[in-house]
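Before any comments, here is the structure.
The values are calculated or read from the model by the stated rules, or taken from the named source; none is laboratory data. Note that the structure is a prediction, hence the values are computed from the model and not measured. Here the Cβ positions follow ideal geometry from the backbone for every residue, glycine too, while neighbour counts run over all protein chains shown. Remember, those area values only see protein heavy atoms, side chains included, never the ligands or the DNA or RNA. Shrake-Rupley method; radii C 1.70, N 1.55, O 1.52, S 1.80 Å.
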Amino acid sequence: MNKLHLTAVFALLLTPAAFAQQPDIIYVDGKPVYIKGLEPAADTKNKENIALKEAQRSSIPGDIYRGTVLGVESPNKRAAYGTSKDKYRGTVLGASNEDIYRGKVFGKEQNKYEGDTLGKRELAKTKYVYDTSLVRAIKTSDADRVRTLIYANVDVNERNYAGITPLTIAAEKGHLGIVKLLLEEGGASVNLTSSYGITPLISAAAAGHREVAELLLKNGADPTAKDDLGKTALLHAMSSDDAKLTETLVKLNNRAVNLPDNSGNTPLIYAAQKGHVNNIKVLLKYKANPDYQNPTSGFSALSAAAAAGKEDAAQTLVRSGADINLKDNSGRTALFYAAENGQTALIRQLLRLNADINVIDAKGKNIFIAAAEGKSVPSMEQLAIDNFSINTSDTHGKTAVMYTTAKGNTQALEWLIEKGADLNLQDQDGNTALMHAIKNLNSKAALILIQQNVDLTATNKDGKDAFALAEELMPNSSVMTVLNVKKRTLLQEQLKARAAAQALAEQEEQRLRELAEQEAQRVRAEAEALAAEKLSEVQALEEQLKQQEEEVKLLKEEELAKKRDEIREQVEQEITETDEELAALQKQLEEAKAKRAAKIQEQVDAKLKAWDEATSLPVEETAE
């Protein structure tokens, strides 16, 4: 009997069952219709009962429409109608709340990493459908029925109404024998995709079936194929730390080892975030880039390990050459992520591995500020021991206390207050911690700070104090109520303080006036006595000075006369010695004077002689 005859026999054997089975039913927008021909259902109640019985007959728990490949198994029959809307959709899409692209790993400022394509697919409106006979056989692990259907020439690539291929379902369930049947005897397409881009290899890897994955790869499965989230089979395999499965997926072809998903994360980032050291070692062995960074965020595998507190993963990455001080697009290193997520043990480990404690991110924040922003008391306790002051601030003057006033728990704020943080410091814009709490609309933090009797009158660069900000941003809040009470109390206190200060000032003024008068009298008496004494001294000095002046005057006159004579002689001598013409003239003058005198004397003598002769008596008479 040849294959043609066998086909005919199997077709005849299957025909009665086909006729006996009710037409497949699908509920669209809550209305039942037939699948075949989509003719209206005549007996809705009867068709619904048939559908429920078929579901019970197949003994397939969970969401028959999606299966565990695309949806979680449901604990009750009602879930079979698609009431469960778990956005993670089972192991293939990641059921862990720590899924790196959905969890809190990136911090509140890093939501941009999440993207719009992650776990937000629109659910089908179909409530309940039948599977094909081949799919039912696979789900019940009925290999004989699968073989029979293959020989009956059923389409082994026909998707069920959820859009899932038989090979994908078999791979997800780990039915190695059925997978072999579908590939070797049925000729199933090994890379045919199901809904959401799921391939048989992705399904097997996500479910952790290494042997099935190996068989699929040997039959041409593409390890680089991605689902609609951009995840490869290797990336899905990171949900568990199965080194053998990971190596199976990369040893024949390691092209997927550095392929990121749509959110920009590689298998190494996911493995690091989950702390799967065995996977990390295999990935690094097959040339995974330890310093690969998410193109959007700059997030690296080491940062993922640090954020999740995976010490062994972080140590493995660093010892394999990962840059411990690699910065993401925000200037943050792995130490930042460890600090803001409270991973104190990892902080110590990174510091031992020479992580830079003084690094500043793009917004001017240091490690301690990152811990405060993440409201991680353990991290702040660790960092405050040897490295940072609790009053440390970023480059804009914003202190750790100010960062802890963001919405959320107030444990970090209360810890800083307990440690004596200065609550009245102002940032570059003049805002205090209380002002930040009001701007953040954090009533609890604001009330805690008000209870600490912080300065309510401080103003920022806009000229606003806490009262003005609260009135503007929180007008009907408990904070405004308390501030109003504080304001009235403050005004009363200010009035009392002003009155007390005025009275004190008047008393002080009177006291100072009396002291001044007493001091003035004392000084006046001392001054008068001193003046009298000084006057006497001055008079004595004046008299003495007068005498000295007289003496000096006489001495000066004598000295002046003497000096005058000396100068005259000196000048005359100098003139005489130096003026030859004057000397010659003086000589001529003397000679002329001598000649004149001689001439005069001669004439005088002549006249005397003449006169004498004229008047003289004889000599004898004269003698008598």
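Miscellaneous remarks
- Comparison of A468, A458, A445, A437 shows that the only residue that is without any contact (Cβ under 8 Å) to a residue 24 or more places away in the chain, open to solvent by less than 60 Å² (accessible area, probe 1.4 Å) and either assigned to a helix (DSSP H, G or I) or under 30 Å from N409 (Cα atoms) (or both) is A468.
- Whichever residue in the stretch 193-222 is open to solvent by 50 Å² or more (accessible area, probe 1.4 Å) and assigned to a loop (DSSP other than H, G, I, E, B) and, among such residues, is nearest to A271 (Cα to Cα): H209
- One residue from L413, L423 being within 23 Å of L383 (Cβ to Cβ) and touching an Asp or Glu at 6+ places or on another chain (Cβ under 9 Å): L423
- Residue in the stretch 313-358 that is farthest from the chain's Cα centre (by Cα), counting only those that are open to solvent by 30 Å² or more (accessible area, probe 1.4 Å) and on the phi > 0 side of the Ramachandran plot: G321
- Hits in the stretch 169-192 (condition: in contact with a Gly (Cβ under 9 Å, 6 or more places away or on another chain) and outside any helix (DSSP H, G or I)): G174, V190, N191
- Scope the stretch 367-402; condition open to solvent by less than 20 Å² (accessible area, probe 1.4 Å) and either assigned to a helix (DSSP H, G or I) or in contact with a Cys (Cβ under 6 Å, 6 or more places away or on another chain) (or both); matching residues: I367, F368, I369, A370, A371, A372, S379, M380, L383, A400, V401, M402
- Residues located in the stretch 416-434, provided they are outside any loop (DSSP other than H, G, I, E, B), surrounded by fewer than 19 Cβ atoms within 10 Å (Cβ to Cβ) and touching a strand residue (DSSP E or B) at 6+ places or on another chain (Cβ under 9 Å): none
- Every condition in (1) farther than 30 Å from D465 by Cβ; (2) within 60 Å of the chain's Cα centre (by Cα); (3) polar (S, T, N, Q) holds for Q502 except the one numbered (1).
- Among the residues listed as E533, E581, E591, E557, the single one being exposed (fewer than 10 other Cβ atoms within 10 Å of the Cβ) and either out of contact with any strand residue (DSSP E or B) (no Cβ under 7 Å at 6 or more places or on another chain) or free of Cβ contacts under 8 Å to residues at least 60 places away in the same chain (or both): E581
- Take the conditions (1) open to solvent by 30 Å² or more (accessible area, probe 1.4 Å); (2) out of contact with any helix residue (DSSP H, G or I) (no Cβ under 6 Å at 6 or more places or on another chain); (3) acidic (D, E); D361 misses just one of them, which is (1).
- Checking each residue in the stretch 268-298 for being touching an Asp or Glu at 6+ places or on another chain (Cβ under 7 Å) and assigned to a loop (DSSP other than H, G, I, E, B) picks out G275, H276, D291, S297, G298.
- Test result for T489, exposed (fewer than 15 other Cβ atoms within 10 Å of the Cβ) and either closer than 24 Å to I369 by Cβ or in contact (Cβ under 8 Å) with a residue 24 or more places away in the chain (or both): no
- Yes/no for R145 being open to solvent by 10 Å² or more (accessible area, probe 1.4 Å) and part of a helix (DSSP H, G or I): yes
- Restricting the stretch 148-160 to residues that are open to solvent by less than 50 Å² (accessible area, probe 1.4 Å) and either within 17 Å of S189 (Cα to Cα) or touching a Pro at 6+ places or on another chain (Cβ under 6 Å) (or both) leaves a set whose member that is modelled with the lowest pLDDT is N160.
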